[in-house]
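This report concerns only the one structure given below.
Quick note: the coordinates plus some simple rules give every number you see, no bench work behind them. Source: prediction; values computed, not measured. Methodologically, a virtual Cβ is constructed for each residue, glycine included, from the backbone with ideal geometry; neighbour enumeration extends over all protein chains shown.
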Amino acid sequence: MMDDFWWITTGLKVLFVLIVLLQVTPIMVWVERRGSALIQNRLGPNRVGPLGLIQSLADALKFIFKEDRVPGHAYKFYYFLAPLISLIPAFMTFAVVPFASSIMIDGREVVFQAAEMNVGLLYIFAIASLGVYGIIMAGWASNNKYALFGSLRSTAQMISYELSMGLSIVGILMVFSSVELGEIARGQGEILFQLGPFAIQKWGVFIQPVGFFIFLTSVFAETNRLPFDLPEGESEIVAGYHLEYGSMKMALFFMAEYVNMFTGAAVVSTLFFGGWQMLPGMPLILDSLGFTGMTHEWTRVLFEHLSFGMKVAFFMWLFVWVRWTLPRFRYDQLMDIGWKFMLPLSLVNIFVTGMMIYWGVL
Amino acid sequence: MQIQRKTDLIQKFYLREILTGLFITLKNLFFGKKVTIQYPEQRRQYSNRFRGLHYIKAVNGVENCTACMLCPTVCPANCIHIEAGERDDKEKYPVRFEIDILRCCFCGMCEEACPKDAIKLSNIGEMTQAQRVVYDKQMLMEQRGSKL
């Protein structure tokens, strides 16, 4: 199993994932700034490079050359550790997300997934919940009351929403009887029902609409994005847990947030929107190209990458879009929605899904 | 205080309201009139009464100023310094006319006090400098702003 071929393909896949994840932050910062500007009837950064695309690079450069200041009252060790602790889990979670189906090379199947783990989704949940350690560590090590408030809020929020997040996908797991994301994505290729010439695929959103909304909301809460960005709440606690951080350490927190968003978007599209399953119409284009053999296979993989990328891009845009639309929830509202609304709803969802599976509807 | 607001059941689920909000922002994104003024190329149009950088009005290259000292007298910031002299035709004129622009509060009282219509405030609002500058007579006579 672990011969040269395996090492090379896995290395390439890991490299691909890593490069994509590293590119997410600069691109998303640009999207966020331009998007927010346009929504607010401004223009946003448009000077550096075409459409202002190089602006993020300039920002990164600024971050690198800024003075790396450490406040005297911080606990140095944890202060330096916290950004890494929040960044590393963010990068680790993407490992099990499949970004295309498999291809045969030299008679061996190569799956487009950095790590084929049979625990799949559980691994994502396990690692994603480690991210909160970085935040609580940052708040505590900063030795600043606002930072500590921010991290406390973040911890409470993440724990509350992890519950409904975990429960909301149980329905999906029951339907596809697997926690492996590749398996779930493959399962969503089946035809749910035929509507004349249009085949409705068995996408998670069609069979688990309630689960989808709960999961999406929880992802917003887990990634600390508006309308649930109370850990940062500028108007109340200045900047929350990264209040005492500057230069590149601040940028690492930023990166962690965007990479978490990306993973969240990828998981949402994998679980509920068919993952790498091609978008409607794409199979027709693929057939009309008329390739055969390996060319056809590689084109198919490219199309799957494209479909997955477009789905993820949509959800990334949704994160930005929602951020500049909705105001922040009040803290008690946040907890109310989490505990009194989404948790019971997800439990009901599991129950109903179980009943429907028992009766053979799904 | 608890304020009772009328909400129907659908509003309590937020979903419809969120979608409405999302479409409003999307409408603004595509069709909203962008109000940004792209600064160095486009400038905001100031009113003609805007009080900017000073200049000394000159007729045929000779400044209108007769060094009557009304402007330094009225100046609340004490930023105008004039040294009077005498021309060959016995007319009084400012040998030195300096404005310490950092002290100036742009109240425009010099302009009001001037009987010869010599010191005026132009429309120029940008006067950033790398170091402290004192504008001398030559400079004040050369720059006219947008006014004639």
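Please report the net charge: other residues with Cβ closer than 15 Å to the Cβ of B:I37, K and R +1, D and E -1. Please list the in-between numbers first.
Values: positive: A:R42, A:R47, B:K33, B:K34, B:R43, B:R44; negative: B:E41, B:E126.
Surrounding charge for B:I37 is +4.
Given points 7 Å out from each Cα along the Cα-Cβ axis, report the B:E112 to A:K62 separation in nanometres with one decimal.
So the two model labels end up 4.2 nm from each other.
Local charge sum around A:G44 (other residues, Cβ-Cβ under 14 Å, Lys/Arg +1, Asp/Glu -1)? Present the calculation step by step, with values, prior to reporting the outcome.
On the way: positive: A:R33, A:R34, A:R42, A:R47, B:K34; negative: A:E32, A:D59.
Value of the local net charge: +3.
Just grab the label-to-label distance for A:M294 and A:Y133, each label 7 Å out from Cα along the Cβ direction, in nm (one decimal).
Going from the A:M294 label point to the A:Y133 one covers 4.4 nm.
Set Lys and Arg Cβ to +1 and Asp and Glu Cβ to -1, take the dipole of the protein assembly as shown about its Cα centre, and tell me which of A:V348, B:V95, A:G189 lies farthest positive.
Value computed over the given set: B:V95.
Greater than 24 Å separation of Cα atoms is the criterion. Which listed pairs, A:K13/A:K202; A:K202/A:K340; A:K76/A:K249, meet it? Don't jump to the answer; show the numbers that get you there.
Working: A:K13/A:K202 28 Å; A:K202/A:K340 30 Å; A:K76/A:K249 13 Å.
From the list (A:K13/A:K202; A:K202/A:K340; A:K76/A:K249), the Cα-Cα distance tops 24 Å for A:K13/A:K202; A:K202/A:K340.
Under a Cβ-only charge scheme (Lys and Arg +1, Asp and Glu -1), can you give me the dipole magnitude of region A:77-203 about the Cα centre, in debye to the nearest 20?
The dipole magnitude comes to about 480 debye.
Taking the Cα centre of chain B as the origin and placing charges on Cβ (Lys, Arg +1; Asp, Glu -1), which of B:G85, B:G108, B:V35 is farthest toward the positive end of the dipole?
Among B:G85, B:G108, B:V35, the one farthest towards the positive end of the dipole of chain B is B:V35.
Once you average over the residues of A:33-44, how many Cβ atoms of partner chains fall within 10 Å of each Cβ?
Mean shielding count: 4.
Say R0 is 45 Å: what FRET efficiency, to the nearest 0.05, do A:S235 and A:V14 get from their beta-carbon distance? Let's see the in-between values first.
On the way: r = 41 Å, r/R0 = 0.91.
Calculated value: 0.65.
How many Cβ atoms of partner chains, on average, are near each residue of A:81-94 if near means within 10 Å of its Cβ?
0
With +1 on each Lys and Arg Cβ and -1 on each Asp and Glu Cβ, how big is the dipole of region B:54-142 about its Cα centre, in debye rounded to the nearest 20?
120 debye
Per residue of region A:51-66, what does 6.51 cos²θ - 1.76 cosθ + 1.60 with θ = phi - 60° give for ³J(HN,Hα)? Whole Hz please, x for Gly and Pro, Karplus curve as stated.
Rounded to whole hertz, the list is 6, x, 5, 7, 3, 4, 5, 4, 4, 4, 4, 4, 4, 5, 8, 6.
What shape does the protein assembly as shown take by its C-alpha gyration tensor, where a ≥ b ≥ c are the square roots of the eigenvalues and a/c under 1.5 counts as rounded, a/b above b/c as prolate, and the rest as oblate?
Cα axes put the protein assembly as shown in the prolate bin.
Can you compute the charge dipole magnitude of the protein assembly as shown about its Cα centre, using +1 on each Lys and Arg Cβ and -1 on each Asp and Glu Cβ, nothing else charged? Give it in debye, rounded to the nearest 20.
That gives a dipole near 1540 debye.
For a protection proxy built on the mean count of beta-carbon atoms within 10 angstrom, sort A:245-257, B:34-46, A:64-76, A:100-112 highest first, please.
A:245-257, A:100-112, A:64-76, B:34-46
Set the Förster distance to 22 Å, then compute FRET efficiency between B:Q11 and A:L347 from the Cβ-Cβ distance, nearest 0.05. It would help to have the intermediate numbers written out before the result.
Details: r = 24 Å, r/R0 = 1.09.
For B:Q11 and A:L347, the calculated efficiency is 0.40.
Residue by residue through A:150-156, how many Cβ atoms from other chains fall within 10 Å of the Cβ on average?
That works out to 0 on average.
Just grab the label-to-label distance for B:F23 and A:K340, each label 7 Å out from Cα along the Cβ direction, in nm (one decimal).
Simple spin-label model gives 3.0 nm for this pair.
Please give the contour-minus-distance gain from B:L102 to B:Q4: 0.36 nm per residue of separation, less the Cα-Cα distance, rounded to one decimal in nm.
Taking 0.36 nm per residue and subtracting the Cα distance, the gain is 29.7 nm.
Provide the FRET efficiency to the nearest 0.05 for the A:L22-B:D89 pair, computing r from the beta carbons and using R0 = 60 Å.
Given R0 = 60 Å and the Cβ-Cβ separation, E is 0.20.
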